[in-house]
Amino acid sequence: MSRMPISRIGARTRVRRAAAPLAAFALCLAAAAATPATAAAPVAAADPVTVSLLLTGPGGTVFDGEVTTTGHTVTPATGGAHLCDGTNLDANPAAGATPTAALDDAADENGFDWDGVWYASFEDYLVTSVAGQAQTADFFYLLSVNGAPTSVGGCQLLLDEGDEVAYTWTEVS
């Protein structure tokens with residue numbers, strides 16, 4: 001069966017063909033509006049965990065103690081607050097405590113600052129300074145948990161109760 005050229009299709013036919021998808025869309029909207037709205041379940045905050053945190057700089061130990069933390073929005077010294085709860089870059093399905101949140105809490109509770117560069121493509125910070133001691137071309141802050149360098153950033157890694165977190169002044173090799 002041959003098709004009629006578009007130029008010969010009547011205006012009424014073109015309107016009916018265009019109206020059918022629009023009518024279906026309108027019915028979907030009407031059905032959605034008629035369905036009773038259900039409130040989204042509140043997101044439960046992750047339980048806090050207590051971890052050991054060791055911060056070393058060029059002059060030695062900056063902080064060594066326990067920190068109770070949850071994942072939360074962190075704010076480095078130069079500003080630019082960002083969420084740091086383990087869900088960054090879809091690393092984990094649920095929020096929890098992270099190394100950078102522990103660093104942020106320790107800094108707030110103990111009167112020192114920290115700073116870092118936010119990388120939007122990683123949704124994570126590179127910690128560049130602790131207690132005014134900034135990284136250099138030859139040294140940086142290495143993040144490790146339970147003695148092993150992390151394979152993801154400090155806003156993506158979830159911590160467990162009792163973990164040992166360290167930001168260690170480390171020579172670039």
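The values are calculated or read from the model by the stated rules, or taken from the named source; none is laboratory data. Quick caveat, the model's predicted, so the values are computed rather than measured. We place every Cβ from the backbone using ideal geometry, glycine too, and count neighbours over all the protein chains shown. Note: areas computed on protein heavy atoms with side chains; ligands, DNA, RNA excluded. Shrake-Rupley method; radii C 1.70, N 1.55, O 1.52, S 1.80 Å.
Of all the criteria given as (1) buried (at least 20 other Cβ atoms within 10 Å of the Cβ); (2) within 23 Å of V49 (Cα to Cα), the one not satisfied by D90 is (1).
Once region 105-140 is narrowed to residues that are closer than 12 Å to L55 by Cα and touching a Pro at 6+ places or on another chain (Cβ under 7 Å), the residue that is most open to solvent (accessible area, probe 1.4 Å) is Q133.
Here E66 clears all of (1) within 10 Å of the chain's Cα centre (by Cα); (2) exposed (fewer than 15 other Cβ atoms within 10 Å of the Cβ) except the condition numbered (1). Of the residues E109, E66, the single one that is in a helix (DSSP H, G or I) and out of contact with any Gly (no Cβ under 9 Å at 6 or more places or on another chain) is E109.
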